[in-house]
Structures are given as C-alpha cells and as structure tokens.
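Inspection log for the structure reproduced underneath, given as structure tokens.
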Amino acid sequence: LAGAERQRGDLDRATALFDAAERQLRERLPPDHAAFTSLLVQRAVVATVRGRLDEARALTDRALARVQGTSQGADLLGAIHQRRAAIALADGRYADALVEATAAVDDERRRSDPDQLSSRVGRLLLALGEAQSKAGQTGAARETLALALRHLEATLGADHRDSRRVHALMAGLR
C-alpha cells in the first residue's frame, strides 16, 4: 500500500504508511530481518523523489551495509544498486551511476536464468542503459537499451511506461 501511494505521488501518505509498517515489523521481527532493508530502499525512493539526495544516499548506504556479507536480504542487492544508480544520475554523478547500475545487472544475472525474460532484469538494464548514455557510452547504451526493451515489452507490454521510457532514451541516442 505504501508503495502504491508513493507511485501515485502521495509521498506524505507513503511515509506515514512506511512508519506504521516499521513499527509493526519491529514488534514481530528480529532487527536484522530483510524487511527492514526493504523499508530503507523504499524510503530512499521517497527521498530521491523529494530531491533529498544526501538522505537517499545515506539510506541506501545503510541498506547496502545490512546485506553485504550476509544472506539476509541478498535478493535486495540489485534493487539497492539500482536505487544508488538513480540517486547518482539525479546528482549528475554519471560514473558512479554506471558502477551502481552495472553492479545491479551483474547481481541479477548471477541469480537468474539468462534465458528467462523478466521485468526486473528489464528495469535494471534500463537503469544501466541510461547510465551508459549519460556517461557518453552511446554504443553500449544502444545495445543495453535494446535488450532492456526485449525484456520489458515481453513482460510488461509495449505501452508500459518503462517500455516507452526505453524508446525515448533510444531516440535521444541518434
């Protein structure tokens, strides 16, 4: 529900729901549970949208520290790196965005079937393609975005906003 509110743009409501969820989770789960890492990432999304990039970066730093070297929340590693890439892009740190987006894609490739089309992989490739584009790697961006489009159109459809975003980025590369 909080994620839906965030996507609708009601950031205050999303934050209130994240706060309520965190209170309930603290009563039921151990402090190192992956749910708390996920909340950090979601809060980082809200901070990014609000333009609070230092706060967003600090939240993703905490999330990354929680999952590194443990099995708890390892499935969130790609999402953490993807968020860090988005923050770096928003901050104009294109080299950092490229490093983070590459880490996100590499993590997902290690954990998934390479022949399986996936919206998650498509979104990570979209982030990598955007980072490559901003870093001036036009040829690599074109290839990455074409692969992202293959994943996204197969899983979400050609009219989905992420598929349309890939088309827009590719048009800008010409």
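Please determine whether any residue of the range 156-173 is charged (D, E, K, R), more than 17 Å from the chain's Cα centre (by Cα) and open to solvent by 40 Å² or more (accessible area, probe 1.4 Å). Outline the logic, then answer.
Keep residues of the range 156-173 that are charged (D, E, K, R), which gives 159, 161-162, 164-165.
Restricting the remaining residues to those that are more than 17 Å from the chain's Cα centre (by Cα) gives 159, 164.
So of that shortlist, the ones also open to solvent by 40 Å² or more (accessible area, probe 1.4 Å) come out as 159, 164.
Yes; the residues of the range 156-173 include at least one that is charged (D, E, K, R), more than 17 Å from the chain's Cα centre (by Cα) and open to solvent by 40 Å² or more (accessible area, probe 1.4 Å).
Quick one: in the range 116-142, of everything that is of a type outside the set (Ser, Thr, Tyr), touching a residue at least 12 places away in the same chain (Cβ under 8 Å) and more than 22 Å from ASP91 (Cβ to Cβ), which residue is least open to solvent (accessible area, probe 1.4 Å)?
Checked the range 116-142; the qualifying residue least open to solvent (accessible area, probe 1.4 Å) is GLY122.
With (1) assigned to a helix (DSSP H, G or I); (2) in contact (Cβ under 8 Å) with a residue 12 or more places away in the chain as the list, and GLN72 as the residue in question, which single condition is left unmet?
Only one criterion in (1) assigned to a helix (DSSP H, G or I); (2) in contact (Cβ under 8 Å) with a residue 12 or more places away in the chain is unmet by GLN72, namely (1).
The values are calculated or read from the model by the stated rules, or taken from the named source; none is laboratory data. Values in this document were obtained by computation on a predicted structure and should not be read as measured data. Ideal geometry is used to build each Cβ from the backbone, glycine not excepted, and the neighbour counts take in all protein chains shown. Ligands, DNA and RNA are excluded from the accessible area calculation, which covers all protein heavy atoms including side chains. Shrake-Rupley method; radii C 1.70, N 1.55, O 1.52, S 1.80 Å.
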